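For reference, the structure discussed in these notes is given below.
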Amino acid sequence: MRARYKVPLGITAVAAAGLVYSAGFETRSFRLRRVTVPVLPSGMRPLRVLHVSDIHMVSGQRKKQRWLRSLAGLRPDFVVNTGDNLSDPEGVPEVLDALGPLMDFPGAYVFGSNDYYGPTLRNPARYLLEKVQGRHGLNGNPPVVGAVHNPWEDLRDGFDAAGWLNLTNTRGTLKIEGVSVELTGVDDPHIKRDRYEEVAGGPSSSSDFSMGVVHAPYLRALDAFTADGYPLILAGHTHGGQLCIPFYGALVTNCDLDTDRVKGLSTHTAENRTSNLYVSAGCGTSRYTPVRFACPPEATLLTLVGAE
């Protein structure tokens, strides 16, 4: 009788251990990724960009807040926040407190769907089903009914008061020690708020360097930025796949981007032009799926150097 249950109990023990690790350890194992990107015009001094994304703050996440505050010690030239700061309608004060030291530096931001709306409990298997069916977010799925509205205006006002550029379907320029950096952003494609036609036309000739910023790296947004000639695009949203298989990688991206580019530095080509794409795996999770596996939470310090 004992032998009949040996394998099932063993599998159950391994699964339980994996759940404890992914929920209890890896979600709090914050990492800083360092990446060098050769995109600047020849002769231009390097720029250090801190990219934070997908914080998904829930009230009481003290370790995450301390870690985010510590990133100010990197002293970046500027900060780019690619959205999904919230996973709790009560989380705005804690996001602003955690990012407070970083808001002493120049910065810019776009919002993601979780900044506007509270998360909902859903079966994680639906991400796989939507991948097979080609439906993601509001792109092919029916509109969300009865969604919780987050106080995103308070978050916006806090960022704006610190001088960060709001890139919601618009452009902005940062002056970094005499260098002019143009940033062009769109609102979240995951919920069809992107309006690229309002910012189309490509980099401004008056800027020393230009880059694109978006929350969810949907192909239509990447195609538009790339075809317009932006040498670098920053995005988040994917959580790096969140639950990955060791030595294989991510199963889903929660958008129409392929899993080979679910996180990290890659390239994107459209209309015979190629851009560098950096997708952050983010540093949080939805409050209803607080697990990560083989995909630790992160922020990234990108060092932009000459393209030669």
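Details
- The single residue among 178, 137 that is of a type outside the set (Lys, Arg), open to solvent by 10 Å² or more (accessible area, probe 1.4 Å), under 26 Å from residue 270 (Cβ atoms) and modelled with pLDDT under 95 turns out to be 137.
- When 155, 128, 96, 102 are checked against the criterion of being without any contact (Cβ under 8 Å) to a residue 60 or more places away in the chain and assigned to a helix (DSSP H, G or I), 102 stands alone in meeting it.
Results for (1) buried (at least 19 other Cβ atoms within 10 Å of the Cβ); (2) closer than 23 Å to residue 243 by Cβ; (3) under 18 Å from the mean Cα position of the chain (by Cα); (4) at pLDDT 95 or above, shown as yes or no for each residue.
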| site | (1), (2), (3), (4) |
| --- | --- |
| 5 | no, no, no, no |
| 22 | yes, yes, no, no |
| 49 | yes, no, yes, yes |
| 57 | yes, yes, yes, yes |
| 84 | yes, yes, yes, yes |
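- Residue count for the range 231-284, restricted to those that are open to solvent by less than 20 Å² (accessible area, probe 1.4 Å), closer than 27 Å to residue 64 by Cα and polar (S, T, N, Q): 3
- Number of the condition not met by residue 254 [criteria: (1) among the polar types (S, T, N, Q); (2) within 18 Å of residue 110 (Cβ to Cβ); (3) not in a loop (DSSP other than H, G, I, E, B)]: (3)
- Candidates 241, 212, 146, 249, filtered to the one that is in contact with a strand residue (DSSP E or B) (Cβ under 6 Å, 6 or more places away or on another chain) and farther than 29 Å from residue 306 by Cβ: 241
- Flag for residue 188 being touching a helix residue (DSSP H, G or I) at 6+ places or on another chain (Cβ under 8 Å), acidic (Asp, Glu), open to solvent by less than 40 Å² (accessible area, probe 1.4 Å) and touching a residue at least 24 places away in the same chain (Cβ under 8 Å): yes
- On the stretch given as the range 267-286, residues that are part of a loop (DSSP other than H, G, I, E, B), under 16 Å from the mean Cα position of the chain (by Cα) and more than 20 Å from residue 246 (Cβ to Cβ) total 4.
- Residue in the range 159-173 that is more than 24 Å from residue 304 (Cβ to Cβ) and either of a type in the set (A, V, I, L, M, F, W, C) or touching a Pro at 6+ places or on another chain (Cβ under 9 Å) (or both) present: yes
- Enumeration of residues in the range 291-308 that are in contact with a Ser or Thr (Cβ under 6 Å, 6 or more places away or on another chain), in a loop (DSSP other than H, G, I, E, B) and surrounded by 16 or more Cβ atoms within 10 Å (Cβ to Cβ): 291, 292, 296
The values are calculated or read from the model by the stated rules, or taken from the named source; none is laboratory data. Remember, predicted model here, so these are calculated numbers, not experimental data. Reconstructed Cβ throughout: ideal geometry from the backbone, glycine too, with neighbour counts over all protein chains shown. With ligands, DNA and RNA removed, areas are computed over all heavy atoms of the protein, side chains included. Shrake-Rupley method; radii C 1.70, N 1.55, O 1.52, S 1.80 Å.
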